[in-house]
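Each remark here refers to the structure printed beneath this line.
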Amino acid sequence: MAALARWWRALRQPSIVRRLVLAQLATLLLVWVAFLALVLRDVMTVDGPRELQQARLSADTILGTAADLLDRPQALQRFMQQMDRAAARGADPEALAAGRVSLTLRLDGRAVFVTPGPPGALPPTAERAFEHVEHQGVRWLSYTQSSADGRLSVTFHRLADTSALTIWTLSSGILVLPLLLALPFLVLAAWWSVRLALKPWRTFSADVALRHPNDLSPLPLRSRHRELVPVTEAVNGLLERIRDGLERERSFVADAAHELRTPLAALRINAEALQLHANGPRQAMLLASLIAGMDRASRLVSQLLSLTRSEAAASTWGFERLDLSALVQECLAHCRRGRR
């Protein structure tokens, strides 16, 4: 439970890495949706000049070959089945014919081949032109072309209902399934790329964390990244302001201590002189108390001066190796000499 609680707190805590990863995934999703919209638009836009030319070429091929196979019905059926499979866009013949082009071949007005499934053998439409036909509540885009003698005609039917085509596309997984399969790898790749991109930030954080409390020198500008330069400059500006403030504070304390030493010394001299001419024990006691107070004030001033000097020296202190054994021996030697 404790591990689960820590995980939940970490999950709820705002994270720049998580925001960047989600931003990348959202961008990828938007690009995929835009691509899907373009694909659907291209699929549904089948009545342009290029599509019309393709339909005419396909109809000429079917009509020409079918005319040569009129005396061989079985060969004609096999040819139409091959053309039907070539026109199919999906392997499932029961899939509402949304992913395929349905073919209808007529001989003397009688249907001799019809693609299995909807829409079935619809009546022929206008010659050599796209026309929308509604059958059982579904809109179809039809194209009909006849042979030169008028005996043979072929009709192409394609789904024109955008909502139905969209549902079929999503349910078939043609565009959705690859994205779902790649999503875990995309999350991992996005996390790794964000971690790699944020490495200069981690280096900068490590430099700040390793700083000595008394070290107010500017941070080294190790990275020239555009995002890190203003942050480093801002931190260095803050350190400079803190350093200037401490210098002014130390200077004020040192000046005040120096200024207080002279009047305290003069007061002590005068108090000692008055003590020589005291008119009774009460005056002598008051003057002695006054001198003791001035002594405490003088010690306080001396301590302030020592503190200021030590802080100034501490800003230049550094680390060095120390032989602990030699230090202990030196302390013991001092203790022996003190006892003698």
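For the range 185-254, give the magnitude of the charge dipole about the Cα centre (Cβ charges: +1 Lys/Arg, -1 Asp/Glu; no others), in debye to the nearest 20. Walk me through the intermediate numbers first.
Numbers: 11 positive and 8 negative charges, 60 e Å.
That gives a dipole near 280 debye.
Placing +1 on the Cβ of each Lys and Arg and -1 on the Cβ of each Asp and Glu in the range 184-277, which of 235, 193, 203 has its Cα farthest towards the positive end of the resulting dipole?
The one lying farthest along the dipole's positive direction is 193.
Once you charge only the Cβ atoms, +1 for Lys and Arg and -1 for Asp and Glu, what is the size of the charge dipole of the range 228-317 about its Cα centre, to the nearest 20 debye? Let's see the in-between values first.
Details: 10 positive and 10 negative charges, 86 e Å.
In total the dipole reaches around 420 debye.
Can you sort 291, 269 by how many other beta carbons sit within 10 Å, fewest first? Present the calculation step by step, with values, prior to reporting the outcome.
Working: 291 16, 269 12.
Lowest count first: 269, 291.
Estimate the FRET efficiency between residue 331 and residue 221 by the formula 1/(1 + (r/R0)^6), using the beta-carbon distance for r and 41 Å for R0, to the nearest 0.05. Don't skip to the answer; put the middle values down first.
On the way: r = 44 Å, r/R0 = 1.08.
Here the calculated transfer efficiency is 0.40.
How would the range 228-317 be classified by its alpha-carbon gyration tensor: rounded, prolate or oblate, with rounded meaning a/c under 1.5 and the a/b versus b/c comparison settling the rest? Don't skip to the end; give the middle numbers.
Working: a/c = 5.21, a/b = 4.70, b/c = 1.11.
In terms of gyration-tensor shape, prolate.
Towards the positive end of the charge dipole of the range 246-305, with charges on Cβ (+1 Lys, Arg; -1 Asp, Glu), say which of 253, 280, 297 has the farthest Cα.
The residue sitting farthest along the positive end of the dipole is 280.
With r defined as the distance between the Cβ atoms of residue 139 and residue 189 and R0 fixed at 56 Å, what FRET efficiency is calculated, to the nearest 0.05?
Values: r = 42 Å, r/R0 = 0.75.
After rounding to 0.05, the efficiency reads 0.85.
When ranked by the protection proxy of mean other Cβ atoms within 10 Å per residue, highest first, what sequence do the peptides 324-332, 199-207 form?
Numbers: 324-332: 9.7, 199-207: 12.7.
Order by mean packing, descending: 199-207, 324-332.
When a footprinting reagent is the concern and you count Cβ atoms within 10 Å, what order do 268, 18 take, fewest first?
Values: 268 17, 18 13.
In order of increasing Cβ crowding within 10 Å: 18, 268.
How would the range 189-340 be classified by its alpha-carbon gyration tensor: rounded, prolate or oblate, with rounded meaning a/c under 1.5 and the a/b versus b/c comparison settling the rest? Could you put the intermediate results ahead of the total?
Working: a/c = 5.02, a/b = 2.07, b/c = 2.42.
Oblate, because a/c is 1.5 or more while a/b does not exceed b/c.
Each value in this text was obtained by applying a stated rule to the coordinates, not by laboratory testing. Keep in mind the model is a prediction, meaning the values are calculated, not measured. Virtual Cβ from ideal backbone geometry, glycine too; neighbours counted across all protein chains shown.
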